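A.B. asks: My questions will all concern the structure given below.
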Ligand SMILES: [Zn+2]
C-alpha cells in the first residue's frame, strides 16, 4: 500500500483493467478522486453524466463512473462502505476563506489535485466535481445537505477498475470538518487482480 499523508495528494497512471484499491487506515477519512482519459486528456470524470446514467447519487458496487464525453472510465468493482459523495467539488482555499472569513492559508484537496495533475500538463480549470470516497453527505426531504462524519472504518475499502488508461489524482481530504474533526492518511494500491 502507498500512503498519502494527511492533507496531501498523489497522482499516477492507472492502466486499463487495473484495479485501484483505496482505504483509510484509521477510518473516518475521505479520499477525493478525479481522473482524466489518457487518450483524450481533455475528457475528465463527470459527476452529472455518472448520476444520469446510473440514476443515483448513492454510488456503490456495480456502478460505472463516466467522462464528460460519455466514456466509462471507472467501474466500482467492490465497496464495503457504500457511503460516498459525487455532488461537491474538492475543498479549496476559497472555501476555507469563505468559512473562516480570513485569508489564512489552509491546505486543500483542490490545491493537491492541481499539483498532481500539473505533472501531466492538465490544467486546474478541467478539475470539476470529484468522486468523494467515504464522504458522508445526507440529503433531507427538502434537498438540503448535511455533512456528517464518515462511516468508514479501517476495515472498509473500495475497488475501482479502470475501463481505459487513466490519469488519476487522489487526496487525503484536507478539511477537518469533513473528516470527523481530524485529517488522517489514506492508503491505496494498484493491482492486476482484485485480491485486496
Ligand atoms: Zn478535501
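The values are calculated or read from the model by the stated rules, or taken from the named source; none is laboratory data. Treat the numbers as computed from the prediction; the structure is a model and nothing was measured. Using ideal geometry, Cβ is built from the backbone for each residue, glycine included, and neighbour counts are taken over all protein chains shown.
Residue-by-condition table, conditions (1) surrounded by fewer than 16 Cβ atoms within 10 Å (Cβ to Cβ); (2) farther than 19 Å from residue 82 by Cα; (3) within 16 Å of the ligand (Cβ to nearest atom):
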{"position": "151", "(1), (2), (3)": "yes, no, no"}
{"position": "158", "(1), (2), (3)": "no, no, no"}
{"position": "166", "(1), (2), (3)": "no, yes, no"}
{"position": "174", "(1), (2), (3)": "no, yes, yes"}
{"position": "178", "(1), (2), (3)": "no, no, yes"}
{"position": "182", "(1), (2), (3)": "yes, yes, yes"}
{"position": "192", "(1), (2), (3)": "yes, yes, no"}
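A.B. asks: Restricting the search to segment 5-30, which residues are touching a helix residue (DSSP H, G or I) at 6+ places or on another chain (Cβ under 9 Å) and not in a loop (DSSP other than H, G, I, E, B)?
C.D. replies: 9, 10, 11, 12, listed by residue number.
A.B. asks: Still on this structure, please answer the following. With within 17 Å of residue 174 (Cβ to Cβ) and in contact with a strand residue (DSSP E or B) (Cβ under 9 Å, 6 or more places away or on another chain) as the only criterion, which of 81, 114 stands out?
C.D. replies: On the way: 81 fails: within 17 Å of residue 174 (Cβ to Cβ).
After ruling out the rest, the residue left standing is 114.
A.B. asks: Which of the numbered conditions does residue 60 fail, given that it passes all the others? Conditions: (1) within 14 Å of the chain's Cα centre (by Cα); (2) buried (at least 20 other Cβ atoms within 10 Å of the Cβ).
C.D. replies: Of (1) within 14 Å of the chain's Cα centre (by Cα); (2) buried (at least 20 other Cβ atoms within 10 Å of the Cβ), only one is false for residue 60: (2).
A.B. asks: Is it the case, given these coordinates, that residue 96 is closer than 26 Å to residue 184 by Cβ, within 16 Å of the ligand (Cβ to nearest atom) and either modelled with pLDDT under 95 or over 15 Å from the mean Cα position of the chain (by Cα) (or both)?
C.D. replies: In short, yes.
A.B. asks: Among the residues of segment 107-142, count how many are part of a loop (DSSP other than H, G, I, E, B) and crowded, with 17+ Cβ neighbours inside 10 Å.
C.D. replies: Qualifying residue count for the region: 8.
A.B. asks: Moving on to the next point. Kindly indicate whether any position in segment 75-87 is at pLDDT 95 or above, within 14 Å of the ligand (Cβ to nearest atom), part of a loop (DSSP other than H, G, I, E, B) and surrounded by fewer than 18 Cβ atoms within 10 Å (Cβ to Cβ).
C.D. replies: So far as segment 75-87 goes, yes, one or more of its residues are at pLDDT 95 or above, within 14 Å of the ligand (Cβ to nearest atom), part of a loop (DSSP other than H, G, I, E, B) and surrounded by fewer than 18 Cβ atoms within 10 Å (Cβ to Cβ).
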